[in-house]
1. Of all the accessible heavy-atom surface of segment 156-229, with the other protein chains kept in place and a 1.4 Å probe, what percent is carbon and sulfur?
2. If you place +1 on the Cβ of every Lys and Arg and -1 on the Cβ of every Asp and Glu, how big does the dipole about the Cα centre of segment 171-229 come out, in debye to the nearest 20?
3. R0 = 35 Å: FRET efficiency of residue 175 with residue 45, Cβ-based, nearest 0.05?
Amino acid sequence: NATSYVKSTNSVIDNLIKIKVSGNANSITDEAVVYFANNPASSGSEKWFSYEATAPSLYTVKSNKNYAINVLSDANTSIAVPLAFKAGANGNYTLKATEIGNFTLCSGVTLEDLKTGSTQNILTNTVYNFTATTTDNANRFVLHFASSVGVNEIGKTNGGIYAYDNNIYVNANEQVKQIAVYNTLGQLVKTVNNVNGLQKINMNGNATGYYIVKVICDKNVYSEKVLVK
């Protein structure tokens with residue numbers, strides 16, 4: 001009818017990203033939203049899956065629950081959010097960031113494809129193309145949200161050094177000479193040399209627990225204690 005909408009269709013909420021998936025197998029699409037706010041970390045809208053068997057499904061995972069809209073705390077820290085995908089049919093697919101709010105709480109959002117190992121800044125490069133089958137692992141992607149100070153200014157809060165899903169991540173916009181990982185006994189466990197951008201250090205085969213990550217750059221040295229579990 002002629003009733004006006006309360007919310008403008010052109011408005012974009014700060015600290016929000018909406019990602020849409022589409023494929024060449026059919027015209028069915030799906031969306032997932034991640035939003036940072038002053039809400040409890042359990043907030044959001046749980047995922048309802050389509051009755052159409054060939055429909056693609058896109059959703060985030062938090063506390064072993066699936067969310068279509070995932071509301072997270074606005075704490076100024078780096079965080080990794082699992083972005084799950086189920087292909088309803090084999091084919092080529094596209095992820096696109098269709099809405100991007102002004103990220104006052106975040107300096108960058110990196111999309112990681114766990115199947116191919118590729119990464120890209122989804123805020124500046126909003127389209128990602130990939131292939132998928134119905135038998136693929138649903139845990140395909142991760143969204144890495146960098147704290148508003150840290151990932152691109154790694155020395156200020158060390159927000160660019162964190163652990164997720166048995167991996168250690170280091171993200172810096174300056175050249176990194178070396179990343180060294182030590183256990184709590186001071187023993188060197190892993191080293192990575194001459195890298196930049198988002199780096200993923202696989203900790204499979206190492207004991208669960210705390211590790212010290214030392215990042216040596218051209219002009220600065222940073223360190224952070226992370227929990228690998």
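The values are calculated or read from the model by the stated rules, or taken from the named source; none is laboratory data. Since the structure is predicted, the reported quantities are computational estimates derived from the model, not experimental observations. Ideal geometry is used to build each Cβ from the backbone, glycine not excepted, and the neighbour counts take in all protein chains shown. For accessibility, only protein heavy atoms count, side chains too; no ligands or nucleic acids. Shrake-Rupley method; radii C 1.70, N 1.55, O 1.52, S 1.80 Å.
1. Working: 1730 of 4040 Å².
C and S atoms contribute 43 percent here.
2. Numbers: 7 positive and 3 negative charges, 25 e Å.
It comes to approximately 120 debye.
3. Details: r = 42 Å, r/R0 = 1.20.
Using R0 = 35 Å, I get an efficiency of 0.25.
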